[in-house]
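All remarks here apply to the structure that follows.
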């Protein structure tokens, strides 16, 4: 039988490597869900010592100025050679396709990403693989998320700031899908058990992950009451599934994003 316990607290996490904790040192790493996908990917890119690609399989806003990277926004047939050339001179290359929608750039077809990673020589390719329309929690539609074959790690995000808030379009993308997965009714305050069900469900955070390592992230854990609720959420999720063995509590906008790691402890 497995018991669940928080093994690391804020005071003991300074020595931890964010890349190690999130299994994000190599391969294709996808972020799905809602509540900090881009912030998480950009934090990983900033900390990675190797050659990094940053891209998407879905629509996204233009890459921010805070991301120090060579930007390539192009379409076939020039995109690939431009990305390969940029990778020779820049440690971080952020690339996407042109988009007709104002204020957006377009993602790449997932089937192309393994080849692009190999040809550009990226140690890690960081991919936004889900859209949430700037909401803090979501459940995927039938065609979501868009995770490339061969993905090594899936980072599944929910904002812990949704705990205690009523389920509505103000905070949630695809409210009806969330209700179906979690049992939370529209207008009902979200509780740890609701977020835990979303993290542990094949119709929620585990949809389409294949054989990838899954690291759930409860983001925006900014104060003690929220941390306590996030720990409860993590413990409940670990009790509901054996698909992952840890849940990371984080505040990705902070200089040291790690707040707590809740891990499964196997009894002997």
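Rounded to the nearest 10 degrees, the angle from helix 79-89 to the longest Cα principal axis of the chain is 90 degrees. Packing-based ranking of 252-263, 152-163 yields 152-163, 252-263, ordered from highest to lowest mean Cβ neighbour count within 10 Å.
Taking the three principal axes of the alpha carbon atoms in the stretch 49-103, the coordinate ranges are 33, 28, 16 Å, sorted in descending order.
Once every DSSP H run of n ≥ 4 in the chain is given -39500 (n - 2.57) and the sum is divided by its residues, what mean residue ellipticity at 222 nm do you get, rounded to the nearest 500 deg cm²/dmol?
Working: 7 runs with 68 residues, N = 268.
Calculated at 222 nm, the ellipticity per residue is -7500 deg cm²/dmol.
For the stretch 23-118, the normalised intensity computed at q = 0.11 Å⁻¹ comes to -0.29 (log10 of I(q)/I(0), Debye sum over alpha carbons, equal scatterers, no solvent). When each of the peptides 18-25, 48-55, 122-129 is scored by how many other beta carbons lie within 10 Å of its residues on average, the order from highest to lowest is 122-129, 48-55, 18-25. The fewest-to-most ranking of 42, 16 by surrounding Cβ atoms within 10 Å reads 16, 42. Only alpha carbons enter this Debye calculation for the stretch 176-234, each as an equal point scatterer, and the log10 of I(q)/I(0) it gives at q = 0.24 Å⁻¹ is -1.03.
After finding the eigenvalues of the alpha carbon gyration tensor for the stretch 92-249, what semi-axes result from the square roots of 5 times each, listed largest first in whole Å? Each step should come with its number before you reach the end.
Working: eigenvalues 161, 68, 42 Å².
Taking √(5λ) for each eigenvalue gives 28, 18, 14 Å, largest first.
Tell me, how many Å apart are the Cα centres for the stretch 224-254 and for the stretch 195-221? For the stretch 224-254 versus the stretch 195-221, the Cα centre distance is 11 Å. Computed from Cα atoms, the angle from the helix 37-47 axis to the main principal axis of the chain rounds to 70 degrees. Packing around the peptides 32-41, 188-197, taken as the average count of other Cβ atoms within 10 Å per residue, puts them in this order, highest first: 32-41, 188-197. Using alpha carbons only, the radius of gyration of the stretch 22-76 set against its Kirkwood radius gives Rg/Rh = 0.92. For the chain, take the longest principal axis of its alpha carbons; what is the angle in degrees between that and the long axis of helix 224-240, to the nearest 10 within 0 to 90? In the chain, helix 224-240 runs at an angle near 90 degrees to the longest axis.
All of the numbers you see were taken from the coordinates with simple rules; none came from a lab. Note that the structure is a prediction, hence the values are computed from the model and not measured. When we count neighbours, we look across all protein chains shown, and the Cβ atoms used for this are built from the backbone with ideal geometry, even at glycine.
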